[in-house]
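Read the figures in this text as sums done on the coordinates, not as results from a lab. Owing to the predicted nature of the structure, the values given are computational and were not obtained by experimental measurement. We place every Cβ from the backbone using ideal geometry, glycine too, and count neighbours over all the protein chains shown.
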Amino acid sequence: MMAGEDRKVATTEGKGLGKVLLNSMWGFWLLLLAISFGLAGVIYVIWLRGNI
Amino acid sequence: MFDFIIAGVQAPVFLLVFVGFTVGIVGGFIGVGGGYMVTPALIVFGFPGYMASGIDMTHIAGKGLVSTLRHRQLGNIDWTLAMSMVAGTMLGVELGVRVLVYFKKLGVAGVVLLVTSVVVMFSLFLYTQIETRRAHRQMRELVPDGKGVGREFQTSSLPKFFQSIPLSPIVRCRTARVVVSMWVIVLVGVVTGFLAGFLGVGGGFIRVPALVYLVGASTHIAVGTDLVEIVFSGGYGALRHSIEGHVDMMAVVFMISGALFGAQLGSIATAYVRGPAIRYVLSYSLILATLGSVMRLIYVATGQTVEWLSFAAVILTLGEMIFLCLFILSLLWFARQHRRGLWVPDWVKPLVIS
């Protein structure tokens, strides 16, 4: 197997949580929702908590 | 923190630029002004409600113009459709405002507004989501690799019904490749304008699905054509708010500086995706906005005493913008990966243009 093919296999057949989340639309949504609301929380804590 | 003298508040400049940028991407991609996201965000930042509305409308006018120019370059605007809708939209907005004034006199405007917005947005979400998922599933079965399909694919039978109404004059919309009675276009303009006027929003999130599912335009054309309407309505709204003194130009400048880049990026991103991808993002924005309205409704119904609802609404408002923005940027990145022949998830292939 060539080096390029090694790389291809490594990027398509993983079974990690990240790959599971990416391979399903629902999983991808959940991942993005978690990142988005996490970032929103950070923004709230840093800039808005005292203002509201 | 920047001291906005006209609005009389201090707000972080970074957040204004950030909101302008994120909503710019979303607006350029799904063809909405984004008032239902920006106004609550500005209120969260400390701007008074009337000022938030004025700043939002003025920034929408500028951003809408940039998006429209970019969509014009991409060939996404049907001018016949846009101009045919304008008169109906104006009439509808006037009717909507009059009905709103009637409910204000009865003293129930706030609750009626929130309930109507929840019902309208949730219904649109449900129909768009069900239809888009069906289209997505069929595309995955027909073309698993995502190649050999045009940029539009939709499964609704409503356009056929509306296009078969034989009322003269019949209009040929060349760019949209639609032949339909002028009265259908005017009626769509009146109904969407009525809802926009009644709910106090630009109405893009109502007009885009209406253009797709009732008139039969492709999603890309619906987005570009709707942005033309937004330039008109946003420009008029900006003028009215400016006359009333509801606009802090410094806040507008900061928001526009982010929105100019975002709107172009969002508009360009439409060239990389198929119609269902745009409709997915539209439906997500509708359900998240619905959740925001439900929270505000519960907050009002509980006498504004449940503090965590206020906090949740803030997180939802900001999280919604970031989520939609990230989803669009992800699709753009996946599309580029797919074009280079690199790995992308299977569910993405039918949604992006390779």
Which order do peptides B:338-351, B:244-257 fall in by mean Cβ count within 10 Å, highest first? B:244-257, B:338-351
Cα-only Rg/Rh for segment B:1-78 with Kirkwood Rh rounds to 1.04
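Using a Förster distance of 41 angstrom, determine the FRET efficiency expected from the C-beta separation of B:Lys104 and B:Ser310, and round it to 0.05.
0.95
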Report, in degrees rounded to the nearest 10, the 0 to 90 angle that the Cα long axis of helix B:109-142 makes with the longest principal axis of chain B. 20
Calculate for chain B the 222 nm mean residue ellipticity that helices alone would give, adding -39,500 (n - 2.57) per DSSP H run of length 4 or more and normalising by residue count, nearest 500 deg cm²/dmol. -24500 deg cm²/dmol
Amide H contacts under 5 Å for B:Val273, restricted to residues at least 5 apart in sequence or on another chain and with H modeled in the peptide plane, are B:Ile353
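Taking only the Cα atoms of segment B:165-295, how large is their convex hull per residue, in Å³? Please list the in-between numbers first.
On the way: hull volume 18.6 nm³, N = 131.
Taking the convex hull of the Cα positions in segment B:165-295, it is 142 Å³ per residue.
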Kirkwood hydrodynamic radius over Cα pairs of segment B:19-124, then Stokes diffusion coefficient at 20 °C and 1.002 mPa s, in µm²/s: 134
Net length gained if the chain between B:Arg177 and B:Leu342 were fully extended (0.36 nm per residue, minus Cα distance): 56.0 nm
By how many degrees, 0 to 90 and rounded to 10, does the Cα axis of helix B:275-301 deviate from the longest principal axis of chain B? 30
Residue mean of other protein chain beta carbons inside 10 Å, A:35-47: 6
So what are the three principal axis dimensions of segment B:208-354 from its Cα atoms, in whole Å, longest to shortest? 54, 37, 34
Expressed as an acute angle from 0 to 90° and rounded to the nearest 10, what is the orientation of the C-alpha long axis of helix B:35-44 relative to the principal long axis of chain B? 30
State the dimensionless ratio Rg/Rh of segment B:291-335 (Rg: radius of gyration of Cα atoms; Rh: Kirkwood radius). 1.23
Note the count of lysine pairs whose C-alpha atoms are less than 28 angstrom apart in the protein assembly as shown, limited to pairs 8 or more residues apart or on different chains. 10
How big is the Kirkwood radius of segment B:190-244, worked out from every pair of different alpha carbons and given in Å to one decimal? 11.7
Around B:Leu16: net Lys/Arg minus Asp/Glu count, Cβ-Cβ under 14 Å: -2
Assuming R0 = 25 Å, what is the FRET efficiency of B:Leu239 and B:Leu126, from their Cβ-Cβ distance, to the nearest 0.05? 0.10
Here the averaged projected area of the protein assembly as shown, based on the convex hull of its alpha-carbon atoms and given in nm², is 21.3
Convex hull of Cα atoms in chain B, direction-averaged projection (nm²): 17.8
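For segment B:117-176, would you read off the P(r) tail past 19 Å as a percentage of all alpha carbon pairs?
The share of Cα pairs beyond 19 Å in segment B:117-176 comes to 54 percent.
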What distance in nm separates the simple spin-label points at B:Arg134 and A:Arg49, each placed 7 Å from Cα in the Cβ direction? 4.8
